[in-house]
1. So the check is Cβ under 9 Å with 6+ separation or different chains; which pairs have a first residue in segment 204-219 that's in contact (Cβ under 8 Å) with a residue 24 or more places away in the chain and in a helix (DSSP H, G or I) and a second one that's among the acidic types (D, E) and surrounded by 18 or more Cβ atoms within 10 Å (Cβ to Cβ)?
2. For I178, indicate whether it is among the β-branched types (V, I, T), under 15 Å from Y161 (Cβ atoms) and touching a helix residue (DSSP H, G or I) at 6+ places or on another chain (Cβ under 8 Å).
3. Considering each of N278, N284 in turn, give the residue that is out of contact with any helix residue (DSSP H, G or I) (no Cβ under 6 Å at 6 or more places or on another chain) and assigned to a helix (DSSP H, G or I).
4. Tell me, which residue of segment 287-303 that is part of a helix (DSSP H, G or I) and touching a residue at least 60 places away in the same chain (Cβ under 8 Å) is surrounded by the fewest Cβ atoms within 10 Å (Cβ to Cβ)?
5. On the basis of being under 29 Å from V195 (Cβ atoms) and either loosely packed, with under 14 Cβ neighbours inside 10 Å or hydrophobic (A, V, I, L, M, F, W, C) (or both), does F117 make the cut?
6. Sort through L196, L171 and tell me the only one that's crowded, with 17+ Cβ neighbours inside 10 Å and at pLDDT below 95.
7. Restricting to segment 72-107, what's the tally of residues that are surrounded by 14 or more Cβ atoms within 10 Å (Cβ to Cβ), farther than 18 Å from S176 by Cβ and of a type in the set (D, E)?
8. Looking at segment 22-78 only, could you name the residues that are among the small types (G, A, S) and either in contact (Cβ under 8 Å) with a residue 24 or more places away in the chain or under 26 Å from L91 (Cβ atoms) (or both)?
Amino acid sequence: MSEVFDEWDELNADFKELEVANRAYLQYLSELSGYQKKCIDHIKHQRYRIGVITKALKDIAKGKENEGRVKELRTNIMKRKAQLYAIEQTLPKENGTYLKIILGNVNVSILNKEDKFKYKDEYEKFKLILSMIGFAMAILNYFVRFRALELSYIFLLVWYYCTLTIRESILKLNGSRIKGWWRFHHFASTVAAGVLLIWPDNETWLMFRNQFVLFNIYISLVQYLQFRYQRGVLYRLKALGERHNMDITIEGFHSWMWRGLSFLYPFLFGGYVFQLYNAYSLYNLSMHPTATWHVPVLCFMFFFLFLGNTATTIMVIPSKFQEEVKLQYRIMSQRLSSQLLNRESEDSIDFESRKDN
């Protein structure tokens, strides 16, 4: 019996230590909030003053006596902006409009680097797992004609794309550099999946159903190839310090994907052509007597996605070639400069040897 009371006394002593630790934690938390607010105010002040200085630089008369100082100041301003951005990544940020609508004012800033990477990896795993589930359900829908199964699959697509938009907004808030079009692509895909969900089970749907299922089977396979390939490339580039740690895999084609094999290029364009074919089929179906408003709306959305995906992907190619030309120019200039230095050193050695003789 005495052992029980002794254990309780020991537990009381342990609880007092917990209270002390908790009071210290609350104090540090209060101090942390104060420092965060102070840093945010300083960043705002720095950016305001940089804006004033930048505006004043435009009014400075262009003269040779000021050219060097102005150039140096512009370089320092660029460095300061980069420094402010790096500091800002360590501070909590206010939610964007979309996150405010979905989550309210709940703070979703992730301040710890390891936690950021974990969240990004969870995002990548989520995409891979849902792509595989979608692939299995699409195969099942192709061979089994059951309305409840169809609606379940389309609802999965609505939920998947809607969840992606939320997760990507959180990633964007925490430093991910995902491009605007690929985020918008998921918003548009959510709307398109929603229209598909409420499309009546009529003759036009039956005529388009198998084509839509085959399209999703193809897209799921391409997404799997993208995930495996892009993740490997990103891992290598991050290890070399050439990519940001919060960069993610995307549905499109980025310039860094040229590193290594670029076999995904034709697969991606195959998916875009499939989107165009869907738009063409839906356009023909819109002339059908039983066609509802869902058909022309989906026709427009598939065509819009085809144009956006194709244009965004094609725009990568010339930018990549420009990067390669710049890289070749740098290599050539470095080689020339090294050759000139070698010649100068050889000439100086030759001159010194003649002088000694």
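The values are calculated or read from the model by the stated rules, or taken from the named source; none is laboratory data. Quick caveat, the model's predicted, so the values are computed rather than measured. Don't worry about glycine lacking a Cβ; one is built from the backbone with ideal geometry, like all the others, and counts go over all protein chains shown.
1. R209/E150; V213/E150; I219/E251
2. yes
3. N284
4. Here the answer is V297.
5. Working: under 29 Å from V195 (Cβ atoms): no; either loosely packed, with under 14 Cβ neighbours inside 10 Å or hydrophobic (A, V, I, L, M, F, W, C) (or both): yes.
So F117 does not fit the description; no.
6. L171
7. 0
8. Answer for segment 22-78, where residues must be among the small types (G, A, S) and either in contact (Cβ under 8 Å) with a residue 24 or more places away in the chain or under 26 Å from L91 (Cβ atoms) (or both): A24, S30, S33, G34, G51.
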